[in-house]
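The block underneath contains the structure these notes are about, expressed in structure tokens.
The values are calculated or read from the model by the stated rules, or taken from the named source; none is laboratory data. Keep in mind that what you see is a predicted model, and the values were worked out from it rather than measured. Here the Cβ positions follow ideal geometry from the backbone for every residue, glycine too, while neighbour counts run over all protein chains shown.
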Amino acid sequence: MYKILSKEKLTPVIDCLKVEAPAIAKKARAGQFVIIRIDEVGERVPLTLADWDAAAGTITLVAMEIGASTCKLGGLQTGGSILNLVGPLGLPSEIEKFGTVVCVGGGVGIAPVHPIARSLRQAGNKVISIIGARNKDLLFWEDKMRLVSDELIVTTDDGSYARKGLVTEPLKEILEREKVARVVAIGPAIMMKFCSLTTKPFNVPTVVSLNSIMVDGTGMCGCCRLSVGGQTRFACVDGPEFDGHQVDWDIVFDRQKVYLKEEKEALDRWKECQCQKS
């Protein structure tokens with residue numbers, strides 16, 4: 001059992017939990033993830049690490065309440081616990097001095113891009129960050145991102161806060177105005193695809209994080225397979241970060257459609273059970 005030391009609502013549907021996990025915190029690196037199982041009947045859910053503190057023995061997880069399991073997670077409170085938690089899994093982000101790096105976080109993807117931006121800046125890079133969400137109510141960690149960035153641009157799709165528009169718009173402007181050595185984009189698959197399409201004409205290496213369907217997290221089940229550069233890769237052991245220009249996005253979207261249908265059915269069943277209990 002992994003004790004929840006604190007719980008915070010970052011937005012009405014995004015939760016931040018600080019969890020006691022000293023062994024994981026000791027080994028954690030930017031870009032890695034964990035797999036959680038909330039209870040004995042829960043599914044395994046991969047979550048990229050949002051932060052960690054090796055000295056305190058804690059890790060920070062951020063999740064959006066979008067399916068049955070993440071809604072269950074959102075219902076947990078300080079003092080509660082998570083049954084199973086394994087990690088850190090996956091390969092850490094490549095951190096070195098590249099030059100100017102643009103870090104793009106969309107929606108809940110702001111959380112995992114934060115430690116990557118921090119590590120890149122500590123390595124001596126100039127870090128320009130872009131964070132965006134559908135509206136003001138879904139934005140979070142603006143202050144934290146500002147602290148780890150040389151420049152921060154904030155967007156909302158509907159213009160309810162900061163600059164109106166998609167994150168790809170300021171990304172293109174940055175690429176046109178200065179030499180960028182690398183782009184890191186984390187968020188919804190459609191956002192990562194269009195960030196990759198935006199950077200491709202500029203020949204700028206672009207890293208995306210594909211936190212797809214997973215079961216065991218060790219490459220044995222094959223659930224997280226995808227095609228990168230025409231070759232089969234597994235997000236859990238070969239990723240979760242990949243070259244966005246080489247990812248077969250059509251396969252990513254097709255697999256998401258199947259999962260989202262099953263997840264909706266599971267969420268409907270969970271909501272029905274909650275209504276019967278109340």
* Determine which single condition Leu73 fails, assuming it passes every other condition in (1) more than 22 Å from Met192 (Cβ to Cβ); (2) aliphatic (A, V, I, L, M); (3) in contact (Cβ under 8 Å) with a residue 60 or more places away in the chain. => (3)
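Where in segment 11-74 are there strands (runs of 3 or more DSSP E), lying fully within it, with 2 or more residues that are among the hydroxyl-bearing types (Ser, Thr, Tyr) and not assigned by TED's automatic domain parsing to the domain that holds Val148? First the steps, then the outcome.
Details: elements: 14-20, 33-37, 45-48, 51-53, 58-64.
Passing ranges, in order: 58-64.
Does segment 251-264 include one or more residues that are part of a helix (DSSP H, G or I), of a type in the set (Phe, Trp, Tyr), over 26 Å from Arg37 (Cβ atoms) and at pLDDT 90 or above? Don't jump to the end; show me each part of the working.
Quick first cut of segment 251-264, residues part of a helix (DSSP H, G or I) only: 251-264.
So of that shortlist, the ones also of a type in the set (Phe, Trp, Tyr) come out as 253, 259.
Subset that is over 26 Å from Arg37 (Cβ atoms): 253.
Still in the list and also at pLDDT 90 or above: none.
No.
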* Structure fact -> For helices (runs of 4 or more DSSP H) lying entirely in segment 76-190, having 2 or more residues that are within 30 Å of Val41 (Cβ to Cβ) and in contact (Cβ under 8 Å) with a residue 12 or more places away in the chain picks out 110-122
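Does segment 10-19 contain at least one residue that is under 30 Å from Val204 (Cα atoms) and either of a type in the set (Ser, Thr, Tyr) or touching a residue at least 12 places away in the same chain (Cβ under 8 Å) (or both)? Write out each step before concluding.
Going through segment 10-19, the residues under 30 Å from Val204 (Cα atoms) turn out to be none.
No, segment 10-19 has no match at all.
Does Ile66 qualify as being within 19 Å of Ser129 (Cβ to Cβ) and of a type in the set (Val, Ile, Thr)?
Details: within 19 Å of Ser129 (Cβ to Cβ): no; of a type in the set (Val, Ile, Thr): yes.
Answer is no for this residue.
Yes/no per residue for (1) among the aliphatic types (A, V, I, L, M); (2) under 16 Å from Glu241 (Cβ atoms); (3) within 12 Å of the chain's Cα centre (by Cα):
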position: Arg44; (1), (2), (3): no, no, no
position: Thr48; (1), (2), (3): no, yes, yes
position: Leu73; (1), (2), (3): yes, no, no
position: Gly80; (1), (2), (3): no, no, no
position: Leu91; (1), (2), (3): yes, yes, no
* Could you give every pair whose Cβ atoms fall below 7 Å, whose first residue belongs to segment 215-233 and is farther than 12 Å from Gly90 by Cβ, and whose second residue is surrounded by fewer than 17 Cβ atoms within 10 Å (Cβ to Cβ) and among the polar types (S, T, N, Q), counting only separations of at least 6 or pairs across chains? -> Arg225/Thr232; Val228/Gln246; Gly229/Gln246
* **So Ile190, is it out of contact with any strand residue (DSSP E or B) (no Cβ under 8 Å at 6 or more places or on another chain) and β-branched (Val, Ile, Thr)** => yes
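Could you list all residues from segment 88-100 that are surrounded by fewer than 24 Cβ atoms within 10 Å (Cβ to Cβ) and not hydroxyl-bearing (Ser, Thr, Tyr)? Walk me through how you get there before you give the answer.
First, the residues of segment 88-100 that are surrounded by fewer than 24 Cβ atoms within 10 Å (Cβ to Cβ): 88-89, 91-100.
Within segment 88-100, Pro88, Leu89, Leu91, Pro92, Glu94, Ile95, Glu96, Lys97, Phe98, Gly99 meet the criteria.
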